[in-house]
Structures are given as C-alpha cells and as structure tokens.
Amino acid sequence: MDSICVFSGSSPGTRREYVHAADALAHELVRRNIELVYGGGSLGLMGRLADAVLSQGGRVVGVIPEALQQKELQHSRLTSLRVVGSMHERKATMNDLAQGFIALPGGLGTLDETFEILTWAQLGLHAKPVGVLNVCGYYDHLFGFLDHAVAERFIRPQHRDMFLRDTSASALLDAMMAYTPSKVRKWLDRESV
C-alpha cells in the first residue's frame with residue numbers, strides 16, 4: 001500500500017489523545033513509506049497530521065475544493081496540492097489517489113467522507129480497505145449503531161465487517177494491509193423481511 005487517505009476533523013477536539021493519535025498515525029505512515037492523501041487543510045487534526053508527516057520527511061497530497069482554498073484554509077507546505085471544483089470532486093479525487101482510507105476523530109465532514117467511501121466499497125465500486133482509528137472510544141457509539149442496523153437487517157454483517165477499526169495506528173495499518181474485500185453483493189434476489 002503506497003498511499004492512504006485520512007479523513008479527520010478541522011478541529012483538534014477536546015482531548016490531547018486525539019492529537020497524539022494523529023502524531024502516531026503520521027509516524028506509522030512515514031515509517032512504512034506511505035503517502036498521505038487528505039483534505040488539504042491547515043486546521044485541526046488534519047493540519048496536525050499533515051505537519052507531522054511533513055516534519056518526518058513524508059509525502060503529503062492535499063485535495064481541496066476551490067471554495068475552501070479561497071477562504072485560505074489550505075495548508076501552504078504540502079508535497080502536492082490539488083484544487084478541485086466541489087466536495088464531490090474532492091472525494092472522487094481522493095478515491096483515485098488512495099489505496100485505503102482511515103478516519104481519525106472528526107465531525108460531519110469526516111463522517112460524510114468516510115461513509116461515502118465505505119458505501120462505494122459496499123457497492124463494489126472499489127475494493128480498498130476503510131477503517132477508523134478509534135481513539136478514546138470516539139467511534140464506539142457509531143459501531144453500536146452499525147451493529148443495530150445489522151440486527152434490523154439494513155446492513156449485511158459482511159458489509160459491516162468491511163469497516164475496520166483499532167485503537168492503534170500500527171495495528172490498524174496491519175489490518176488494512178491484510179484486508180480481503182467482501183464478495184457479498186449489496187442486493188440478493190428478493191429477500192423476505
């Protein structure tokens with residue numbers, strides 16, 4: 001795996017552990033010679049992650065919509081910056097550039113990006129691993145909801161299992177390297193409820 005896209009907050013959050021997790025992920029990416037692809041911003045966890053990768057000699061590709069670039073939210077020292085026309089184009093470009101995806105803690109944008117890319121995997125549009133770095137249990141309630149959706153038969157267990165998680169950057173990257181995509185189709189012949 002040569003490149004991983006990381007979705008994360010434009011805020012650092014309330015816990016110091018979130019920043020430490022971004023630093024640990026940066027260290028692992030550089031150690032494994034994996035290029036970081038991310039949203040191109042300079043703020044919050046996303047800015048911290050980019051800074052940490054760059055400070056250790058790693059490569060960072062930012063993908064930012066023109067509207068956010070004009071607000072001067074872009075990172076100024078990236079290896080490469082791609083300016084795109086929309087948020088939709090941003091996600092498609094990130095998908096093209098990355099061989100896997102990780103979500104650090106974040107808000108609505110992080111959830112939007114993560115679930116869209118996970119949906120694309122479920123639909124068979126890509127076969128790349130998608131995971132979360134579950135810092136301080138940040139995503140525990142989300143996984144509880146996904147388990148509920150499986151129990152209610154809105155998500156197949158095999159599709160729920162496509163969403164990897166770990167509390168360690170190293171262990172999550174190891175799981176992503178070993179990932180085998182589900183062969184279960186999104187739709188089967190008419191199912192009874």
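The values are calculated or read from the model by the stated rules, or taken from the named source; none is laboratory data. Because the structure is predicted, anything quoted here is derived from the model rather than measured. All Cβ positions, even for glycine, are placed from backbone atoms using ideal geometry, and neighbour counts span all protein chains on display. To get the accessible areas, we keep the full protein, side chains included, count just its heavy atoms, and leave off ligands, DNA and RNA. Shrake-Rupley method; radii C 1.70, N 1.55, O 1.52, S 1.80 Å.
What span do the alpha-carbon atoms of the chain cover on each of the three principal axes, reported in whole Å from largest to smallest?
54, 34, 30 Å, listed from the longest principal axis down.
In nm, to one decimal, how far is the modelled label at Gln158 from the one at Leu81, with both set 7 Å along Cα→Cβ?
4.4 nm
Place the peptides 136-144, 22-30 in order of packing, highest mean first, counting for every residue the other Cβ atoms within 10 Å and averaging per peptide.
Result, highest mean Cβ count within 10 Å first: 22-30, 136-144.
Taking Lys183 as the anchor, which aspartates and glutamates have their alpha carbon closer than 16 Å to its alpha carbon, excluding any fewer than eight residues away along the same chain?
Asp161
Measure off, as a whole percent, the carbon and sulfur share of the 1.4 Å-probe accessible area of segment 42-193, all protein chains present. Walk me through the numbers before you get to the answer.
Working: 4340 of 8200 Å².
The C+S portion of the solvent-accessible surface of segment 42-193 is 53 percent.
Let me have the 222 nm mean residue ellipticity of the chain computed from DSSP H runs of 4+ only, each contributing -39500 (n - 2.57), with the sum over all residues rounded to the nearest 500. The partial results should precede the final answer.
Values: 8 runs with 84 residues, N = 193.
Counting only the DSSP helices, I get -13000 deg cm²/dmol.
Accessible area per residue of the chain at 1.4 Å probe, in Å²?
Per residue, the chain has 51 Å² of solvent-accessible surface.
Pop the C-beta distance of Asp2 and Glu66 into the FRET formula with R0 = 25 Å and round what comes out to the nearest 0.05. Please report the intermediate quantities before stating the final value.
Details: r = 27 Å, r/R0 = 1.09.
Between Asp2 and Glu66 the formula returns 0.40.
Suppose we look only past 23 Å in the calculated P(r) of segment 104-187. What percent of the Cα-Cα pairs does that tail hold?
So the pairs more than 23 Å apart make up 17 percent of the total in segment 104-187.
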